[in-house]
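**Student:** Sharing a structure below in structure tokens format, with a few things to ask.
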Amino acid sequence: MLSGPQSMQRAPRRRGWNNRRKNNRRIPVGAMVAAGAVLVGAGVVVAVAASHGGPASTSIHPAAVSSPTLGVASSANNDTCDIIVPAHPLTAKGLATPYQLTGAAGTTPSASGCEMNNSVLLGAFVQATILNPKTGALSVYNPLVITAGTKPAIAPVVPKLPPHAIVTIDIGFNGTFLNQVGATPDALAEGNCTDGEPGSIFGQVSFCNGTNFFNAAFRMEHNGRMSMPTAGLSRDMVATAGALGTGRDCPTTRNFDMVDQDPSDNVTTKYLMNPYTGQTAQDNAANEARMKGDPVLVNGSDNALIDDFLDPAFGCTPLEAPDLGNHGAMTTSQALDELLASANQPANAALVPETDEMVMSNGGTDVTKTDLYRSEIGQAPVDSQTDASSSPQMFCQNMVDIQTPFLAANQSRLATMPSPVPTVGDTLYTFLASRLASSFDNLNCQNFGLTNPVALVTLGNGAATEATLNTAQQTAGF
């Protein structure tokens, strides 16, 4: 039985939290986030414990899930921070030099709340993926973020990079706006870094050298010097949406089965934190032994949702590569997820839509900004071909017509899995249903003559405990 006030309602406007051949990819021990770790979606702060031909409407009543909380919330009323990018960020020395989180426009960390011990609300996370241009080998390294004015709890490992390594850096944030600032006048140019357009930043995410990295990787794939595994098939997944869907293919970041309004945002990086000093350290085996029991800080991301929740739910495994900061232990990354998704892109590919708030400018769509974002994660630019699946209208239509039947047909399995965000949905099923409802609203899909296919029953705190899905196919107006 569920206790507390409940009501049937549409989800409130909320930004979402925001494989493959099983023998080719390994899931690491502890891939599920440890109990007590905090995941934050855009505007959502929570704690996380470590059919085709079917009826037009369906609902379930999953049991509640609870978990302990963690983290220090600042009293500062702020959603914007700066991240100081070190000099020569694409080199081994630059990667091992901690990034610094601080307040925007010269505000101190303490005055702004831009501190890593406030990661629940304003934590920043950095992830590098490395390509060996000679062999095509891939690896990962997670640079450390510290609060400006502090030192690491443990000095970062200096990675050993291959000669002429091509590095991409992805930066994620648990607040709303994160500005890149160079530690030296040339740091951002040295790293080919971007946080958006002048006067219009992306917001939660930013990048360094992503376009060059993906162009090089795609050339190597085209020339047969590097290959990606297939998406793989799940025996536990119910295929839905007919020719529109992806069958029983394991999930990728470009499948409409599981995207939200801002596909592929934020990273899979985790940090350790000394709860007494607020100092952070890289999350590796050596540091875990020295900081046993200390909190793990997590960046809530679409990629972590797939790698740590959806993949295990369907018996799939994420694409992994050796972690150069953890003795080569296999790990995930945002760029690895994008490489896999590109190699296994479905006919109806979910690419970043122009109505994603992070690529809009002054309240309107901005093709140039959208193309910039897409290029940093290896996606094709806006054109007639990509618009066939991911124009604002078609993105909404595909999200409704593909994801709704997928969730309905697979609800029994999803309802037995833990929720990434218990204050959004009490199981993986209700979380995904709530996320779909919010994405519909955030993308203004109703402007295209579509109807939100999700109705939720929520507790007084807003957590969805039941979801009713209308799987009737809809057509967007143009």
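**Student:** Using only the Cα atoms, what convex hull volume per residue in Å³ does the stretch 207-277 have?
**Tutor:** Convex hull volume per residue, Cα atoms: 206 Å³.
**Student:** Under a plain spin-label model, where a point goes 7 Å from the Cα along Cα-to-Cβ, how far apart in nm are Ala243 and Glu197?
**Tutor:** 3.7 nm
**Student:** Have a look at the stretch 307-351 and give its Rg and Dmax from the Cα atoms, expressed in angstrom.
**Tutor:** Expressed in Å, the Cα Rg and Dmax of the stretch 307-351 come to 12.3, 39.
**Student:** If you don't mind, there's one more thing I want to ask. Got the relative contact order for the stretch 387-478 handy, in percent, Cα pairs under 8 Å and 6 or more residues apart?
**Tutor:** Reported as a whole number, the value is 31 percent.
**Student:** Let me ask you something else. Compute the Kirkwood hydrodynamic radius of the stretch 99-190, taking the inverse of the mean of 1/r over all pairs of distinct Cα atoms, and give it in Å to one decimal.
**Tutor:** 14.7 Å
**Student:** A further question follows. Report Rg(Cα)/(2.2 N^0.38 Å) for the stretch 188-231, keeping two decimals.
**Tutor:** 1.54
**Student:** Further question: When the expected Rg is taken as 2.2 N^0.38 Å, what fraction or multiple of it is the alpha-carbon Rg of the stretch 257-308?
**Tutor:** For the stretch 257-308, the normalised Cα radius of gyration comes out at 1.39.
**Student:** A follow-up question, please. Largest first, how would Arg254, Arg413, Arg225 line up by accessible area (1.4 Å probe)?
**Tutor:** Per-residue accessible area, sorted high to low, gives Arg225, Arg413, Arg254.
**Student:** From the C-alpha gyration tensor of the stretch 354-478, pull out the three semi-axes of the equivalent ellipsoid (sqrt of 5λ each), sorted largest to smallest, in whole Å.
**Tutor:** 28, 16, 14
**Student:** What is the calculated FRET efficiency for Ser384 to Tyr276, with r their C-beta to C-beta distance and R₀ = 60 Å, to the nearest 0.05?
**Tutor:** Plugging the Cβ-Cβ distance into 1/(1 + (r/R0)^6) gives 0.55.
**Student:** Here is a further query. Considering the Cα trace of the stretch 120-276, what is its radius of gyration and what is Dmax, both in angstroms?
**Tutor:** For the stretch 120-276, the Cα-based Rg and Dmax read 18.5, 55 Å.
The values are calculated or read from the model by the stated rules, or taken from the named source; none is laboratory data. Source: prediction; values computed, not measured. Cβ: placed from backbone, ideal geometry, glycine included. Neighbour counts: every protein chain shown. Surface areas here come from the heavy atoms of the whole protein model, side chains and all, with no ligands, DNA or RNA. Shrake-Rupley method; radii C 1.70, N 1.55, O 1.52, S 1.80 Å.
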